[in-house]
Amino acid sequence: MLVNEIFKSIEGEGVRAGYPTIFIRLFGCNLRCSYCDTRYSCSGTEYTEKSAEEIVEHCKRWYPNIKRVTLTGGEPLIHRDIRLLIYDLISNGYQVNIETNGSIDIEPFVRFDNVIITMDWKSPSSGMNELMCKPNLSLLRPQDVLKFVVGSTTDLFEMSAIIVENQIEAQKFVSPVFNKIRPVNIAQFILARPELYDCRLQVQLHKIVWEPTMRGV
């Protein structure tokens, strides 16, 4: 697998926000979102090739006291050996969270009972909205996360329609595109619509704790 970086930080979003976590950022992505803040993991040559075993050994050697792992990218699910990596991490006692962009079929991954899938639904302002894999919405489980990243009022109405029109068991989070929409506007939108009362507004914690453009955090 092509690995962009492995580092420890505080989980910035989702159900594990605030917890110390090992991040395994894999290289390569099948989408090109307008607001992507990790383009270095999608193009260029910033990667090393590692096997699943080598990745697990790296985690054990450098971060022996952290058992939460987040697989991110890029898009981790495009990698041929990703299921082997997930299995090896679980076998070594890690609690795995998979961050995926919503365009890849997640059916093979919901079979891992003790894995969290954090799945994006790309909003219109991303430019990738038409590439979403809609059947994924019904595959998400209560332990999983459906994440909307919104940058406009149009995005908020799209989020509302997706939630209302689909049976979604996953926990629902919404966060602003950094510097594109004010969190208060999202809060007001949610509070005005009872059908969104199960949504959680979040901000990217790591961009508050550290400089927004800092890498490896």
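The values are calculated or read from the model by the stated rules, or taken from the named source; none is laboratory data. Nothing here was measured: the structure is a model prediction, and the numbers come from that model. Cβ atoms come from the backbone with ideal geometry, glycine included; neighbour counts cover every protein chain shown. The area values use the complete protein model at the heavy-atom level, side chains included, leaving out ligands, DNA and RNA. Shrake-Rupley method; radii C 1.70, N 1.55, O 1.52, S 1.80 Å.
Looking at SER43, is it modelled with pLDDT under 95, open to solvent by 40 Å² or more (accessible area, probe 1.4 Å), closer than 26 Å to ASP144 by Cα and among the polar types (S, T, N, Q)?
no
Give segment 164-198 a look and list any residue that's free of Cβ contacts under 8 Å to residues at least 12 places away in the same chain and either open to solvent by less than 20 Å² (accessible area, probe 1.4 Å) or of a type in the set (Asp, Glu) (or both), or say none.
GLU165
Being outside any helix (DSSP H, G or I) and either within 17 Å of TYR35 (Cβ to Cβ) or open to solvent by less than 10 Å² (accessible area, probe 1.4 Å) (or both) is the requirement here; does SER103 meet it?
Spelling it out, SER103 is indeed outside any helix (DSSP H, G or I) and either within 17 Å of TYR35 (Cβ to Cβ) or open to solvent by less than 10 Å² (accessible area, probe 1.4 Å) (or both).
Any chance segment 67-77 includes a residue that's in contact with a Ser or Thr (Cβ under 7 Å, 6 or more places away or on another chain), among the acidic types (Asp, Glu), assigned to a strand (DSSP E or B) and surrounded by 20 or more Cβ atoms within 10 Å (Cβ to Cβ)?
no
Only residues in segment 86-102 that are among the acidic types (Asp, Glu) count as the first member; pair them with residues that are assigned to a loop (DSSP other than H, G, I, E, B) and crowded, with 20+ Cβ neighbours inside 10 Å, Cβ under 8 angstrom, at least 6 apart or cross-chain, and list the lot.
GLU99/GLY73
Might you check whether a residue that is aromatic (Phe, Trp, Tyr), under 27 Å from ALA187 (Cα atoms) and in a helix (DSSP H, G or I) occurs anywhere in segment 137-151?
No; the residues of segment 137-151 include none that is aromatic (Phe, Trp, Tyr), under 27 Å from ALA187 (Cα atoms) and in a helix (DSSP H, G or I).
Using the structure shown, decide if ARG32 is under 28 Å from LYS172 (Cα atoms) and either crowded, with 17+ Cβ neighbours inside 10 Å or touching an Asp or Glu at 6+ places or on another chain (Cβ under 7 Å) (or both).
Taking the combined requirement at face value, the residue does not satisfy it.
For GLU57, only one of the following conditions fails: (1) of a type in the set (Asp, Glu); (2) open to solvent by 80 Å² or more (accessible area, probe 1.4 Å); (3) in contact with a helix residue (DSSP H, G or I) (Cβ under 7 Å, 6 or more places away or on another chain). What is its number?
Evaluating GLU57 over (1) of a type in the set (Asp, Glu); (2) open to solvent by 80 Å² or more (accessible area, probe 1.4 Å); (3) in contact with a helix residue (DSSP H, G or I) (Cβ under 7 Å, 6 or more places away or on another chain) leaves (3) as the failure.
Check SER51, SER91, SER103 and return the single one that is closer than 30 Å to MET159 by Cβ and at pLDDT 95 or above.
Testing whether each residue is closer than 30 Å to MET159 by Cβ and at pLDDT 95 or above leaves just SER103.
Can you spot a residue in segment 68-84 that is in contact with a strand residue (DSSP E or B) (Cβ under 8 Å, 6 or more places away or on another chain) and under 22 Å from ASP198 (Cβ atoms)?
no
Where the second residue is in a helix (DSSP H, G or I) and the first is basic (Lys, Arg) and lies in segment 121-137, which pairs have Cβ atoms under 6 Å and are six or more apart or on separate chains?
Pairs found: LYS122/ASN129.
Pull up segment 199-213, narrow it to residues that are part of a loop (DSSP other than H, G, I, E, B) and open to solvent by 90 Å² or more (accessible area, probe 1.4 Å), then point me to the one that is nearest to VAL149 (Cα to Cα).
Here the answer is THR213.
Could you list all residues from segment 40-65 that are under 19 Å from the mean Cα position of the chain (by Cα) and free of Cβ contacts under 8 Å to residues at least 60 places away in the same chain?
Selection gives SER41, CYS42, SER43.
For ASN4, are the conditions met, namely being in contact with a helix residue (DSSP H, G or I) (Cβ under 8 Å, 6 or more places away or on another chain) and either at pLDDT 95 or above or open to solvent by less than 20 Å² (accessible area, probe 1.4 Å) (or both)?
yes
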